[in-house]
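Presented below is the structure to which this report refers.
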Amino acid sequence: MRTDAIHELLTQAVETVTPAAQLVVRQNGAVQLEGAYGWLDPETRQQPTQMDTLFDMASVSKLFTVTAFMTLVEEGQVSPDQPVKTVLPDFDGLRPIQPYENPLKPGALVNVPGEVATADAGRVTFRQLLTHTSGLPAWRPLWQQTDANAARRMALETFFSYPPGSRIIYSDIGLILLGMSIEMLTGQRLDAAIRDRVILPLGLEHTGFRPLLADAQEHPANIAPTEFCAWRGRRIVGEVHDENAWKLGGIAGHAGIFSTAADIAALGQCFLDGGAPLLSKAMVAEMTRIQAEYEGVQRGLGFALWSADPEASSNPFSQRVFGHTGFTGTSLWIDPERNLVVAFLTNEVYHGREGRGIGALRVAVHRSIVEEALPPDATISSTGARHP
């Protein structure tokens with residue numbers, strides 16, 4: 001591990017790429033490297049990032065949702081191969097296949113080519129939600145609905161964008177439905193179910209959802225700020241960055257968790273160690289094997305897997321790696337071949353959604369972590385990552 005190179009990378013990155021960052025690297029069951037970089041207020045530089053600074057985990061939250069769901073699978077309350085409609089009865093019936101709204105280009109649509117006109121929601125399984133092969137659109141503007149109930153209804157009644165099982169399209173909507181299913185199965189609100197099934201058993205003292213406060217403009221201390229939101233009219237601090245999760249009250253299956261690199265690394269260590277005390281080794285093996293593959297993209301159950309694309313943040317690791325990234329600039333990767341866990345958190349979206357540098361930074365950091373440990377016949381690409 002090139003600790004000096006990592007330190008130099010992150011010291012430079014907080015000047016140009018991301019205002020704040022945390023990194024925890026665990027190998028062979030112990031913390032080998034940890035550090036906090038940058039400032040919570042980059043203009044004044046009066047609030048240095050600490051190791052207990054909270055970061056908005058964005059889509060890394062999905063790992064908590066998926067883990068909670070899989071505990072229900074192991075308890076026999078649900079099966080990955082049963083239709084979603086058996087838990088969410090309103091998710092049923094023939095629905096049109098059509099383009100969906102582009103979250104990064106307001107007013108534009110994303111079209112998924114195909115000739116089939118309709119899809120049957122009643123045949124979609126939980127496994128398809130978990131592998132992002134459900135046919136659901138990647139995103140819908142739930143945040144434009146009048147309230148949380150209307151947003152949930154929009155997710156339940158959404159159209160499709162391709163025939164289920166025909167390809168992989170990463171879908172926030174699918175994980176929102178998974179979170180709603182957990183609530184139906186447990187009788188608890190999602191934050192309570194995830195707290196009881198994941199957070200408390202692992203002793204994660206700095207991890208949890210932040211339900212929207214009555215005074216949403218209160219700025220809590222020691223939380224990394226994210227983007228300036230034009231329609232909320234403020235810099236986002238201490239409330240979820242994701243617009244749809246915000247409309248859902250700050251608690252959703254796809255986003256909303258705040259945490260630290262140490263806590264996220266502890267979640268990764270749990271999976272690396274075989275799942276105890278949350279899941280069995282057999283379940284972890286099932287979650288982390290290739291469940292779906294399309295045009296070079298590989299998915300497990302809830303997990304992203306290794307990519308041959310040298311611009312992917314998983315690429316520097318071994319082909320057994322699994323993990324997830326988050327839009328705000330967060331990531332967790334677990335590499336069983338190296339007995340390695342890397343939790344790298346940033347608030348890189350602070351600078352906005354254009355010209356982002358988090359992809360290249362992730363790859364550079366990951367290379368510096370594994371470079372000296374690579375097998376002799378391995379090669380390292382010189383290009384940076386593109387996916388936030």
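Where a number appears in this text, it was derived from the coordinates with a stated rule and is not lab data. These numbers come from a predicted model, not from an experiment. So basically every Cβ, Gly included, is an ideal-geometry build from the backbone, and we count neighbours across all protein chains shown.
Largest mean-square fluctuation among GLU15, GLU293, GLU43, in a Gaussian network model of the chain whose springs join Cα atoms under 10 Å apart, belongs to GLU43. Between ALA230 and GLU371, the FRET efficiency estimated from the beta carbon spacing at R0 = 51 angstrom works out to 0.80. Relative to the dominant Cα principal axis of the chain, helix 358-370 is inclined by about 60°. Straight-line cross-link reach from LYS247 at under 22 Å between alpha-carbon atoms covers these lysines, not counting any fewer than eight positions away in the same chain: LYS62, LYS105. Residues whose amide H comes within less than 5 Å of that of GLN298, counting only those at least five positions distant or on another chain, are LEU305 (H built at 1.01 Å from N in the peptide plane).
Given the rule -39500 (n - 2.57) for each run of at least 4 DSSP H residues, summed and divided by the residues of the chain, what is its mean residue ellipticity at 222 nm, to the nearest 500 deg cm²/dmol? Let's see the in-between values first.
Values: 10 runs with 101 residues, N = 388.
Rounded to the nearest 500, the figure is -7500 deg cm²/dmol.
Mind checking which of LEU54, LEU63, LEU202 has the largest fluctuation in a GNM of the chain, springs on alpha carbons under 10 Å? Of LEU54, LEU63, LEU202, the Gaussian network model singles out LEU202 as fluctuating most.
Each of PHE344, PRO83, ILE369 was scored by the projection of its Cα onto the charge dipole of the chain, and the greatest displacement toward the positive side belongs to PRO83; charges sit on the C-beta of Lys, Arg, Asp and Glu.
Go through 310-318, 351-359, 283-291 and give me the packing order, highest mean Cβ count within 10 Å leading.
Numbers: 310-318: 22.6, 351-359: 15.6, 283-291: 18.1.
The most tightly packed comes first, giving 310-318, 283-291, 351-359.
Label reach from ARG2 (point 7 Å along Cα→C-beta): in segment 280-313, amide nitrogens under 19 Å belong to 310-313.
Between ASP196 and ALA221, what FRET efficiency comes out of the Förster formula 1/(1 + (r/R0)^6) with R0 = 35 Å and r the beta carbon distance, rounded to 0.05? Mind dumping the intermediate values first?
Numbers: r = 27 Å, r/R0 = 0.78.
Given R0 = 35 Å and the Cβ-Cβ separation, E is 0.80.
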